[in-house]
Every structure is written in structure tokens, then in C-alpha cells.
Amino acid sequence: MKLIPLPAFSDNYIWMLHDGHTALVVDPGDAQPVRDALQREGLQLASILVTHHHADHTGGVAELRNATGATVFGPATEEMPKPLQRLSGADTCSAMGLSFQVLDVPGHTAGHIAYYCPAVDGAPLLFCGDTLFSGGCGRLFEGTPAQMLASLESLAALPDDTRVCCTHEYTLSNLLFALAVEPGNTDLQQYLAQCQALRAQGLPTLPSNLALERQINPFLRSRLPAVMAAAKAHDANMTDSAGAFATLRQWKNDYR
Ligand code: ZN
Ligand code: FE
């Protein structure tokens, strides 16, 4: 299987998984990059997986389905282009001969779902939309900090070698914020240098993996004393650990 991030718009990735004959894509906000890739590689599109209702994730769905007859999977409770196989937590969906577990991960949107496959060529694979980013997390448009924290913690409980396929190339700006939170985190310093080198060559920083995210992502580290202390220094009114997460999210919103 080949896993490819197709760049779309200014900073989206449409993830494509293919076996040389058939393909699936995740969150095709634009049909054109997918159509180009299908043609270039001589592939048939079999499945479209959608994580949430935002237009930069759904804009190309109808055109691709009409052009290819692909089956569309998406969240049960969100407004979606139809027809749609509606999914929510604990459902499974099969695509490309693989079985994906569906996880409810509310916070960025109320009905946001993620897709997890325990083994694709020997390593787990996670399509997490706008919930978990490398070094960051999605904005809370329709959920509370407590919901987003629970969603991120359910993702962080997946195995170390899980490849994390996020939908946006936000890594560098996320890591600059992460360094403001944890200036002494040497894993973070090293990872930032690595990602800067990749971006200087125009290469994606993704997929990431969960072992790394647990070392460098402040939104997965909000219960650690050093991170709680930094959040408290930023906002003296902060109280418990859900408070630390909420403080971090607000701090990131305001961070330039
Ligand atoms: Zn979104
Ligand atoms: Fe998005």
C-alpha cells in the first residue's frame, strides 16, 4: 500500500491510500488534486472517508463520487453531501480490504470522527482530520475544552507506531507555540529543526507518529507538571488539568 498526502488549497492534505489499482481518499476538499493523482497513477477510486463537515474537507466529495462511483463514508450526525454511509464511534468501515475502526472525537466539530486501522503493511494508521495536528490540535468551533481533551486522550492511547495523518500542514507554527510552552523540551527542539529542513525542501512534515506526539505536542501533555506550570504562568486564574488544556488552547488562539 502507498500512503500519499496530496496538497490542496494553501495548507490542506488529502490523504490517498492505494495498492496500484484501487485507492481511497480522506477529506477531499477539492476534487482536482485527487483526479490528477488517479490519472497519473492509473487508479480507480473505491472509497471516500470524511471526518467532519467543513468545506475544506467535503468540497470535492460530490464531484468525485459522481465521476467514480466511490462509496462515501462520513459522520452520522453532521450535514454531509449525500448519499452517505453514516458512521459513529464503535462502527467499523471497510475500504480497500482494510477494516477501519471509527472513533468519536468531538471538539473541533460536534460530530467529528476519526478512522483507525490497526495494521496497514504492519503499522497502524490514523486519519484524524482536524482533531490532532502535529504539535497541535484543532480549534474548538463546536465543542468544549473537556470534550477535545477527552478526544485527544483517546487518540493518544493508540499504539506508539501509529502513523498520524492530519489534514493540515500546520506543524511549524504549532511547534513555535509548543516551544513557548516548553522551551526546555529537547525532543521538541530537535523535531522543529527536522521539520524546518523538510519544509525548506517543500516536503510534508506528515505523517507524524503517536510516540513522537506524546513527546512534543503540548495538547497531549497538558497534565504534565511543566506544562501545567507554563499554563498557570500564562493565566493565573487556571485551576485544574482540564483548565490547563483550556488555557493552552486559548493561548494558542492568541499566539503570534
Ligand atoms: Zn475543520
Ligand atoms: Fe480543515
Matching residues in region 90-115 - criterion: being surrounded by fewer than 19 Cβ atoms within 10 Å (Cβ to Cβ) and touching a helix residue (DSSP H, G or I) at 6+ places or on another chain (Cβ under 9 Å): 110
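Only residues that are among the β-branched types (Val, Ile, Thr) and in contact (Cβ under 8 Å) with a residue 24 or more places away in the chain: list them for region 59-101, please.
Answer for region 59-101, where residues must be among the β-branched types (Val, Ile, Thr) and in contact (Cβ under 8 Å) with a residue 24 or more places away in the chain: 61, 68, 71, 72, 77.
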Region 204-241 - residue that is among the small types (Gly, Ala, Ser) and surrounded by fewer than 17 Cβ atoms within 10 Å (Cβ to Cβ) and, of those, farthest from residue 127 (Cα to Cα): 236
Any chance residue 119 is in a loop (DSSP other than H, G, I, E, B) and among the aliphatic types (A, V, I, L, M): no
Among (1) of a type in the set (Val, Ile, Thr); (2) under 26 Å from residue 149 (Cβ atoms); (3) surrounded by 14 or more Cβ atoms within 10 Å (Cβ to Cβ), the one test that residue 14 misses: (2)
Helices (runs of 4 or more DSSP H) contained in region 209-256 and holding at least 2 residues under 17 Å from residue 187 (Cβ atoms): 210-216, 225-234
Scan of region 139-195 for residues that are within 16 Å of ligand 2 (Cβ to nearest atom), part of a loop (DSSP other than H, G, I, E, B), of a type outside the set (S, T, N, Q) and out of contact with any Leu (no Cβ under 8 Å at 6 or more places or on another chain), ordered by number: 139, 140, 141, 142, 143, 170
Condition met for residue 68 (of a type in the set (Val, Ile, Thr), within 15 Å of residue 113 (Cβ to Cβ) and touching a strand residue (DSSP E or B) at 6+ places or on another chain (Cβ under 7 Å)): no
Residue 210 vs. criteria away from ligand 1 (no atom under 16 Å from the Cβ), within 24 Å of residue 78 (Cα to Cα) and within 14 Å of the chain's Cα centre (by Cα): no
Identity of the residue in region 125-138, under 13 Å from residue 220 (Cβ atoms) and assigned to a loop (DSSP other than H, G, I, E, B), that ends up nearest to ligand 1 (Cβ to nearest atom): 131
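Bear in mind that the values in this text are calculations on the coordinates, not laboratory data. Keep in mind the model is a prediction, meaning the values are calculated, not measured. FYI the Cβ positions are ideal-geometry reconstructions off the backbone, even for glycines, and counts take in every protein chain you see.
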